[in-house]
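Below: the structure, in structure tokens.
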Amino acid sequence: MWLACLLPFLLQAAAIGVDEIVFHRKRGLPRWERIGHPLDTLTVVLCMGYALFVPYSKSALLPYAGLAIFSCLMVTKDEFVHKEHCPGSEHWLHALLFLLHPVVLASAGLIWPASQGIETMPYFASLIDHADALRVSLSVQFAAMLLFMSYQIVYWNFLWKKTESTTPFTKR
């Protein structure tokens, strides 16, 4: 059961990897995406950091839910302009990422109390047996997201150079 809680993180990482390597590298990112994507990642980092560093309580759950809802809305902000820059296959991948996003944040919310040895629901009581592994998993996820956000900022804003092969998708 506890390994199933980690599956959404792995699926999200794989989908983001495809988006980054296959689509972003091919078409390049306009300035609004080079700024917006790290901000999207920051909203997830804040959720993971909250679940990692804030002691779980019923009163702490509401701010987490607020951060998670804000993050889910934030990642959709670019879709109005993506229609001019992305092929259909990239839109499909974004749709998949939009489906995974709340599942990842719900998984983190489920892992949060269990990683601190707190039982919140009898059905998930077995998660407490793996509290240390879950805490390590949250820590690894938090660190990986921080690294990815750093990569997004440094690579796309300081290292990347526009070339002829990185032209935006154009509708025909």
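If you scan the range 1-42, which residues turn out to be among the acidic types (Asp, Glu) and in a loop (DSSP other than H, G, I, E, B)?
Correct list: empty.
Restricting attention to the range 69-95, which residues are assigned to a helix (DSSP H, G or I) and among the charged types (D, E, K, R)?
Across the range 69-95, the qualifying residues are 79, 90.
Looking for whichever is in contact with a Cys (Cβ under 6 Å, 6 or more places away or on another chain) and of a type in the set (A, V, I, L, M) here; the options are 131, 95, 68. Which one fits?
So the residue among 131, 95, 68 that is in contact with a Cys (Cβ under 6 Å, 6 or more places away or on another chain) and of a type in the set (A, V, I, L, M) is 68.
So which residues in the range 64-84 are within 15 Å of residue 45 (Cβ to Cβ) and of a type outside the set (S, T, N, Q), if there are any at all?
Correct list: 64, 67, 68, 70, 72, 74, 75.
Would you pick out the residues in the range 26-38 that are surrounded by 14 or more Cβ atoms within 10 Å (Cβ to Cβ) and either under 20 Å from residue 145 (Cβ atoms) or under 19 Å from the mean Cα position of the chain (by Cα) (or both)?
29, 33, 34, 35, 36, 37, 38
Out of all the residues in the range 43-57, which are surrounded by 16 or more Cβ atoms within 10 Å (Cβ to Cβ) and part of a loop (DSSP other than H, G, I, E, B)?
Once the filter is applied, which keeps residues that are surrounded by 16 or more Cβ atoms within 10 Å (Cβ to Cβ) and part of a loop (DSSP other than H, G, I, E, B), the range 43-57 yields only 56.
How many residues are more than 15 Å from residue 3 (Cβ to Cβ) and among the β-branched types (Val, Ile, Thr) if we restrict to the range 129-155?
2
In the range 58-68, is there at least one residue being in a helix (DSSP H, G or I) and over 25 Å from residue 134 (Cβ atoms)?
no
Here, each number is a calculation from the coordinates, and none is a lab measurement. These figures come from a predicted structure and were not determined experimentally. Glycine gets a Cβ as well: all are built from the backbone with ideal geometry, and neighbour counts include every protein chain shown.
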